[in-house]
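Q: Just dropping this structure here.
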Amino acid sequence: MSLQACANLVARADPERFAAAMAAPLAARAVLLPIYAASIEVARAPWLTQEPMIAEMRLQWWRDVFEEIEAGTPRKHEVVDALAPILGPKGAEALDGMVLARRWDIYKEGFTTTADLLAHVRTITLGPMLAALEALDDLPEDLSALHAHATQLGLARFLRGVPELIARQTPVWAEDQKVHIYRELCIQALDMAGEFIPSPALIETAHCRRTLGFVRKNPGAVEIGAIPEFRIGAALARGWWAWRCG
């Protein structure tokens, strides 16, 4: 029942990750869905209140969850029930880093450099990605390629969310920037070498480079929400990645 609750949450709140999980083998879904569900809960926690102290408490709740899972004393919660049996120590640490990065959503201070923004999105995306790789016993010793994939996917997801940030009057940048800065972000991310990692944990990355390639050529599309969804291409890319995973 807990796994079904995770599946329902991911399907409703993050259709792209749900599609990635559904492209994975059945056994891998039992790993991906709880991790993705926890990521969703963490992501929305700072936005459920206007009070910074309460938002901090909501994020701390999840930090405590990951610590308790690592200690072998998980609390009762429909997402935690499914997450606890599969989360390893490295994954718990990575998810804790994701929670800390989400504090940006509380204080909403614009980024001062492209490097700061890339580090932010990498940390957020690396959390669930590394946790899933560890749980699937697919975690590579060299994490450089993983960091590249996390940066690219994290940036693609962030760029699609910029119009919502603007609607919420949340500044992306500490100072006004020309839209060409989004091109620079994509160039930097695409220059990172991310070799193929054969794991269902990375099916969600299958099509992010096309999004970044589009923004590199059309940076003005970011703030007006004009980045195409590439639904057919994304579905084909997920299937290709799943097939290569065996």
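Q: Are any residues in the range 21-40 within 17 Å of Ala94 (Cα to Cα) and surrounded by fewer than 20 Cβ atoms within 10 Å (Cβ to Cβ), and if so, which ones? Steps first, please.
A: Of the residues in the range 21-40, the ones within 17 Å of Ala94 (Cα to Cα) are 31-40.
Correct list: Ile40 only.
Q: Continuing with the same structure: List the number of the failed condition for Gly225; all other conditions in (1) buried (at least 19 other Cβ atoms within 10 Å of the Cβ); (2) in a loop (DSSP other than H, G, I, E, B); (3) modelled with pLDDT of 95 or more hold.
A: For Gly225, the failing item is (1).
Q: Please state which one of Glu78, Glu93, Glu67 is under 27 Å from Glu51 (Cα atoms) and either surrounded by fewer than 15 Cβ atoms within 10 Å (Cβ to Cβ) or touching a strand residue (DSSP E or B) at 6+ places or on another chain (Cβ under 7 Å) (or both). Give the steps one after another, and end with the answer.
A: Details: Glu78 fails: either surrounded by fewer than 15 Cβ atoms within 10 Å (Cβ to Cβ) or touching a strand residue (DSSP E or B) at 6+ places or on another chain (Cβ under 7 Å) (or both); Glu93 fails: either surrounded by fewer than 15 Cβ atoms within 10 Å (Cβ to Cβ) or touching a strand residue (DSSP E or B) at 6+ places or on another chain (Cβ under 7 Å) (or both).
Of Glu78, Glu93, Glu67, the one residue that is under 27 Å from Glu51 (Cα atoms) and either surrounded by fewer than 15 Cβ atoms within 10 Å (Cβ to Cβ) or touching a strand residue (DSSP E or B) at 6+ places or on another chain (Cβ under 7 Å) (or both) is Glu67.
Q: Here's a follow-up. Name the one entry in Ala193, Ala234 that is outside any helix (DSSP H, G or I) and more than 30 Å from Thr49 (Cβ to Cβ).
A: Values: Ala234 fails: outside any helix (DSSP H, G or I).
It is Ala193.
Q: So, one more: Under 7 Å between Cβ atoms, which residue pairs at least 6 apart in sequence (or on different chains) link something in the range 219-246 that is of a type in the set (Asp, Glu) with a partner that is part of a helix (DSSP H, G or I) and modelled with pLDDT of 95 or more?
A: Final answer for the pair search is Glu223/Val162; Glu223/Pro163.
Q: Evaluate the range 206-215: report whether one residue or more is without any contact (Cβ under 8 Å) to a residue 60 or more places away in the chain, open to solvent by 20 Å² or more (accessible area, probe 1.4 Å) and within 21 Å of Gly127 (Cβ to Cβ).
A: Taking the range 206-215 as the starting set, the residues that turn out to be without any contact (Cβ under 8 Å) to a residue 60 or more places away in the chain are 207-211, 213-215.
Those still in the list that are open to solvent by 20 Å² or more (accessible area, probe 1.4 Å) too: 207, 209-210, 214.
Narrowing further to those that are within 21 Å of Gly127 (Cβ to Cβ): 207, 209.
Looking through the range 206-215, at least one residue is without any contact (Cβ under 8 Å) to a residue 60 or more places away in the chain, open to solvent by 20 Å² or more (accessible area, probe 1.4 Å) and within 21 Å of Gly127 (Cβ to Cβ).
Q: Return the residue satisfying two criteria in turn: it lies in the range 107-121 and is at pLDDT below 95 and under 20 Å from Ile40 (Cα atoms), and of such residues it is surrounded by the most Cβ atoms within 10 Å (Cβ to Cβ).
A: Top of the filtered list is Lys108.
Q: A follow-up question, please. Write out, first by first residue and then by second, each pair whose Cβ atoms fall under 7 Å of each other, whose residues are 6+ apart or on separate chains, and whose first residue, in the range 1-17, is hydrophobic (A, V, I, L, M, F, W, C) while the second is open to solvent by 70 Å² or more (accessible area, probe 1.4 Å).
A: Ala5/Glu78
Q: So which residues in the range 168-186 are free of Cβ contacts under 8 Å to residues at least 60 places away in the same chain, open to solvent by less than 60 Å² (accessible area, probe 1.4 Å) and more than 20 Å from the chain's Cα centre (by Cα)?
A: Result: Val179, single match.
Q: If you check Leu139, Leu165, Leu153, Leu146, which single one turns out to be surrounded by 14 or more Cβ atoms within 10 Å (Cβ to Cβ) and more than 25 Å from Leu26 (Cβ to Cβ)?
A: Numbers: Leu139 fails: more than 25 Å from Leu26 (Cβ to Cβ); Leu153 fails: more than 25 Å from Leu26 (Cβ to Cβ); Leu146 fails: more than 25 Å from Leu26 (Cβ to Cβ).
Leu165 is the lone residue from the list that is surrounded by 14 or more Cβ atoms within 10 Å (Cβ to Cβ) and more than 25 Å from Leu26 (Cβ to Cβ).
Q: Considering only residues that are open to solvent by less than 50 Å² (accessible area, probe 1.4 Å) and either without any contact (Cβ under 8 Å) to a residue 12 or more places away in the chain or over 24 Å from Leu139 (Cα atoms) (or both), which ones fall in the range 44-63?
A: Going residue by residue through the range 44-63, those that are open to solvent by less than 50 Å² (accessible area, probe 1.4 Å) are 45-46, 49, 55-56, 59, 62.
Of everything in the range 44-63, those that are open to solvent by less than 50 Å² (accessible area, probe 1.4 Å) and either without any contact (Cβ under 8 Å) to a residue 12 or more places away in the chain or over 24 Å from Leu139 (Cα atoms) (or both) turn out to be Ala45, Pro46, Thr49, Ala55, Glu56, Leu59.
Q: Now for a different question. Quick one: count up the residues across the range 22-39 that are touching a residue at least 60 places away in the same chain (Cβ under 8 Å) and assigned to a helix (DSSP H, G or I). Walk me through it before giving the result.
A: Step one: filter the range 22-39 for residues touching a residue at least 60 places away in the same chain (Cβ under 8 Å), giving 23-25, 28, 31-32, 35-36, 38-39.
Remaining after also requiring assigned to a helix (DSSP H, G or I): 23, 28, 31-32, 35-36, 38-39.
Count: 8.
Q: So which residues in the range 66-87 are touching an Asp or Glu at 6+ places or on another chain (Cβ under 9 Å) and assigned to a helix (DSSP H, G or I)?
A: Correct list: Phe66, Glu67, Glu70, Val79, Val80.
Q: I've got another one for you. In the range 146-159, is there at least one residue being at pLDDT 95 or above and assigned to a loop (DSSP other than H, G, I, E, B)?
A: Here is the first cut: in the range 146-159, the residues at pLDDT 95 or above are 146-159.
After this cut, where a residue has to be assigned to a loop (DSSP other than H, G, I, E, B) as well, the list is none.
Among the residues of the range 146-159, not one is at pLDDT 95 or above and assigned to a loop (DSSP other than H, G, I, E, B), which makes the answer no.
The values are calculated or read from the model by the stated rules, or taken from the named source; none is laboratory data. All of these numbers come straight from a predicted model, not from anything done at the bench. Cβ: placed from backbone, ideal geometry, glycine included. Neighbour counts: every protein chain shown. We work out accessible area using only protein heavy atoms, side chains counted, and drop any ligands, DNA or RNA first. Shrake-Rupley method; radii C 1.70, N 1.55, O 1.52, S 1.80 Å.
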